[in-house]
Amino acid sequence: MTIHHDTRPTLNLIRLTNGEGLDLPAYESKGAAGMDLRAAVDGATPLMLSPGRRALVPTGFIFEIPEGFEGQVRPRSGLAFKNGITCLNTPGTVDSDYRGEVKVLLVNLGDEPFVIERGMRIAQMVIAPVTQVRVAESAAASETTRGAGGFGSTGV
Ligand SMILES: O=c1ccn([C@H]2C[C@H](O)[C@@H](COP(=O)(O)OP(=O)(O)OP(=O)(O)O)O2)c(=O)[nH]1
Ligand SMILES: [Mg+2]
């Protein structure tokens with residue numbers, strides 16, 4: 001008999017009052033990179049995002065990102081393609097020591113108003129490993145073939 005342990009890191013979620021009744025953020029397919037985040041806006045008063053405007057949309061949860069990881073808040077391509085809705089600060093960064101509510105900074109780059117209803121899947125979060133480095137200062141940079149060439153220096 002084989003016992004399969006779930007060896008994935010744990011993402012602990014704390015549901016806030018405005019998140020009551022919302023589905024947990026979830027991977028929508030077996031191999032999905034991101035879990036979809038839902039809008040915790042008031043059920044009775046959907047949020048109307050006019051063209052060119054932005055809004056900080058609550059998710060209703062605190063995410064305890066495991067140490068050594070970050071949460072990347074990214075747009076959903078369908079909303080971007082169909083409605084011009086994207087994340088203004090993409091990819092948003094959720095630090096592992098953040099204990100506030102995760103929010104999604106949406107912007108409407110389309111030309112029609114967009115209505116955000118409670119429970120709507122507005123963005124996705126990818127959990128990714130991060131490396132913190134030791135910061136040091138040197139007087140001169142080491143030599144490389146590339147040197148200071150950049151911004152198209154190798155041609156198109
Ligand atoms: O899309 C986002 C981006 C950030 N945050 C939260 C979690 C993150 O840990 C915190 C700070 O984000 P960031 O470091 O990007 O913003 P800042 O402007 O540098 O604020 P701070 O001075 O609080 O670090 O805000 C979100 O909920 N959603
Ligand atoms: Mg910061």
Item to check | Checklist (1) in contact (Cβ under 8 Å) with a residue 60 or more places away in the chain; (2) under 19 Å from Val130 (Cβ atoms) applied to Pro46, failing item | outcome: (2)
Item to check | strands (runs of 3 or more DSSP E) contained in the stretch 92-156 and holding at least 3 residues exposed (fewer than 12 other Cβ atoms within 10 Å of the Cβ) | outcome: none
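When you scan the stretch 69-79, do you find a residue that is in a strand (DSSP E or B), open to solvent by 80 Å² or more (accessible area, probe 1.4 Å) and over 17 Å from Ile127 (Cβ atoms), even just one?
no
The values are calculated or read from the model by the stated rules, or taken from the named source; none is laboratory data. Just so it is clear, the structure is predicted and the values come from calculations on it, not from any experiment. We place every Cβ from the backbone using ideal geometry, glycine too, and count neighbours over all the protein chains shown. In case anyone asks, the SASA skips ligands and DNA or RNA and just uses the protein heavy atoms, side chains included. Shrake-Rupley method; radii C 1.70, N 1.55, O 1.52, S 1.80 Å.
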